[in-house]
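One structure is given here, and the rest of the page talks about it.
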Amino acid sequence: MEVILAILVGVLYTAGVYMLLRRSILKFIIGIIFMSNATNLLVFLSAGLIPGSPAFVDGTTTTAHLADPLPQALVLTAIVIGLGMVVFILALKYKFFEVTGTDDLDQLKQTDSQK
Amino acid sequence: MTIVALPILIPFALAISLLVFRTTKVCRWVGPLGSFAIFMFSISLFFRLKTDGILTLNMGGWDAPFAIVLVVDYLSALMLMVSSLILIAVSLFAIRFLPDDIPLPRFYFFFFTLTMGMNGAFITGDVFNLYVWFEVMLISSFVLITMGKKKEQLEGGIKYLALNLLGSFLFLAGLGLLYGKTGTLNMAHLAEILKNDNQATLMNTSAILFFVAFGIKAAVFPLFFWLPASYHTPNIAITSLFAGLLTKVGVYTLIRFFTLFFVHDQHFWHNLLLIIAGLTMVTGGMAAASYYETRRILSYHIISQIGYMIMGLGIFTPLAIAGAVFFTLHNMIAKTGAFLASGMIAKIKGTYHLKEVGGLYKQNPLLAVLFIVPAFALAGVPPLSGFFAKFMLIKAGIESGSYIITTVALLTGLLTLYSMIKIWNEAFLKKQPENQANQKPIKLNWADYVPLAILATASVLMGIFAATVFTVTMEAANQLIEPTNYIDTVLRNKTP
């Protein structure tokens, strides 16, 4: 299972980087979402997967068969933060589109060109 | 000790209070007085530290390393103190200089959430908690940088946001892998586990992810592009706030991580840090020399100065670390001061372009004096703060035999001097260009000078009392280089 998920993480990162390098800002945001989720999965996988075991001590399970709860807690936090960031960047993109009427990253040269 | 959490709680309470008191009249008091309260509290924390040793607080009633630990040592206390001094200056500056389309209450709200994130990053002893504070800081800065919604601001905002988000992902990936390898995210616990670690290659995979992530935040050599692309776009009060604080948080975390627990492969890391430091200094300095817009010159100049801080970390002797800390503190004050001065020039003349301004020395000698202090401090002219900071770094470089980086640092000092003298000559000494001369310059109110005067005084005092600051930074450096005390205090609540 870990191997499959590890490959998935790799695929998501690849797709994310590809989308980041596209010219459209919307595709760029989709790249951000891919990267964000790839990272979340990576953190989730970091403690290893222990299938079919509870994460919390309920008094009956022995400690040897417990899933590590910490990465799950971390990933929950990270997902929420990632969601907030994506919402903000979407709002920013909308505002940017309203002001400039363009979705092309190549048009973003104004701040760098003038001396 | 509960008071350790207050640097986070005070700005949080202030931000909440700003949701209740939404009139500009009240905010004029809440902003500066709140910043002053944070400053006074940081000072009291610093003196507490002197008597009681390293202060810790385990959140949620768990024991370390399971609890999220808040730790205040000398480095954290110094950063808290100087950053809150900058908060005072910028909060006063914002009252006078924010344009009408940015409401003061809204500015102060994000100002204080930014402070909360920054203070949290300074005092946390947990890697994941650090990530959370970074995000708090980032989202506040995203809002601040796009406030006003001008076209170039949105453009700069997108660039700023893109690279900083990428940095956050790398940070998160690094901490995930680190947790997988060590099973802990408490910094002191990590330090204890990694002290005798002999799998340097394995640890380097995490370390490099952290390095790139913090390198993006600190704007070191190959990763700095977002900074000059975005820092000149927002209002000058916001730029000054960012210039003084944000990159320095990145430097702080680099110093913390690479002295506390990533100490395994010293040969590789210190060489890498020195190479990057040299390139950062030179590229920043050269780019600054090629521009004629004050905000751009100063933005590139931030990058150049980050190189000095990284250089101290790369040399890695107590004197060098102390020099890096001293330099960071001095740079926060002087850099913010220089940005405030450029904002005041722009208010008088209506433009940031040096070609179009001039004759300010005759018109406004007070501003000239107040500009020359931070500018010469940045260039490293004695007896101002920058001289002693550079002196410590260069002495450490010669003592440890790192001659190349020392030479680069000295030569970059000339580039800095050149940029500062360029602003001085163009804005103050040369005559007002003819085509702009009919424009009537705006007179400044006495209150406009106060923030810059505070920072200039602080810079002068840091130079005059350099011996005291030196002793304190040396103590901070000793705590960093020999982290046994830190680890013992955090993990076992032992007070030495």
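Since every read-out is calculated from the coordinates, none of them should be taken as a lab result. Computed from a predicted structure; not experimentally measured. All Cβ positions, even for glycine, are placed from backbone atoms using ideal geometry, and neighbour counts span all protein chains on display.
Brief remarks on what is shown
- Long-range HN-HN contacts of B:D126 with modeled amide H, under 5 Å: B:V69, B:M187
- Here the Karplus relation 6.51 cos²θ - 1.76 cosθ + 1.60, evaluated at θ = phi - 60°, turns the backbone of the stretch A:69-79 into coupling constants of x, 5, x, 5, 5, 4, 5, 4, 4, 5, 5 Hz, with x for every Gly and Pro.
- Between 0 and 90°, nearest 10: helix B:236-260 axis offset from chain B longest Cα axis: 20 degrees
- Rel. contact order, % - alpha carbon contacts under 8 angstrom, at least six apart, the stretch B:177-259: 26 percent
- Annotation: aspartates and glutamates with alpha-carbon distance below 20 angstrom to B:K181 (same-chain offsets under eight excluded): A:E2, A:D68, B:D126, B:E192, B:D197, B:D265.
- Ordering B:S206, B:F112, B:T233 by Cα displacement along the dipole of the stretch B:111-240 toward the positive end leaves B:T233 in first place; charges were set at the Cβ atoms of Lys, Arg (+1) and Asp, Glu (-1).
- Cα-centre dipole for the stretch B:83-234 with unit charges at Cβ (Lys and Arg positive, Asp and Glu negative), debye to 20: 220 debye
- Listed residues B:L14, B:S76, B:V26: farthest to the positive end of the dipole of the protein assembly as shown (Cβ charges): B:V26
- Chain B: relative contact order as a whole-number percent, Cα under 8 Å and 6+ apart: 16 percent
- Within straight-line cross-link reach of B:K159, lysines at Cα separation under 17 Å, skipping those fewer than 8 residues along the same chain: A:K27, A:K93, A:K95, A:K109, B:K149, B:K150, B:K151, B:K217
- Amide H to amide H distances under 5 Å link B:L55 with B:V72, where only residues 5 or more positions off or on other chains count and H is placed in the peptide plane.
- Per-residue Karplus couplings for the stretch A:24-35, computed as 6.51 cos²θ - 1.76 cosθ + 1.60 with θ equal to phi - 60°, are listed in order as 6, 5, 4, 5, 4, 5, 4, x, 4, 5, 4, 4 Hz, Gly and Pro entered as x.
- With loop membership from DSSP and a limit of 14 other Cβ atoms within 10 Å, the longest segment of chain B without chymotrypsin sites (Phe, Trp or Tyr not before Pro) is B:226-464.
- Taking other C-beta atoms within 10 angstrom as a stand-in for reagent exposure, B:T336, B:T239 fall in the order B:T239, B:T336, fewest first.
- Charges were assigned to the Cβ only: +1 to each Lys and Arg, -1 to each Asp and Glu. The resulting dipole of the protein assembly as shown about its Cα centre is roughly 2040 debye.
- Local net charge near B:M187, Cβ-Cβ under 13 Å (Lys/Arg +1, Asp/Glu -1): -1
- Angle in degrees between helix B:446-464 and the longest Cα principal axis of chain B, rounded to the nearest 10: 50 degrees
- Tilt relative to chain B, helix B:385-399 - C-alpha long axis, 0 to 90 degrees, to 10: 40 degrees
- Taking the number of Cβ atoms within 10 Å of each Cβ as an exposure proxy, the fewest-first ranking of B:I394, B:I404, B:I145 is B:I404, B:I394, B:I145.
- FRET efficiency for B:H267 and B:T23, using Cβ-Cβ distance with R0 set to 51 Å, rounded to 0.05: 0.30
- Candidate cross-link partners of B:K362 among the lysines, defined by an alpha-carbon separation under 24 Å and a same-chain spacing of 8 or more, comprise B:K347, B:K349, B:K422, B:K430, B:K431, B:K440, B:K443.
- Positive dipole terminus of the protein assembly as shown, leading residue within B:A466, B:M187, B:A396 (C-beta point charges): B:A466
- Computed 3J(HN,Hα) for the stretch B:332-340, one whole-Hz value per residue from the Karplus formula 6.51 cos²θ - 1.76 cosθ + 1.60 where θ = phi - 60°, is 4, 5, 5, 5, 4, x, 5, 5, 4, glycine and proline marked x.
- Summing Cβ point charges (Lys, Arg +1; Asp, Glu -1) relative to the Cα centre of chain B gives a dipole of roughly 1480 debye.
- Distant-in-sequence amide H partners of A:S24 (H built 1.01 Å from N, under 5 Å): A:L105
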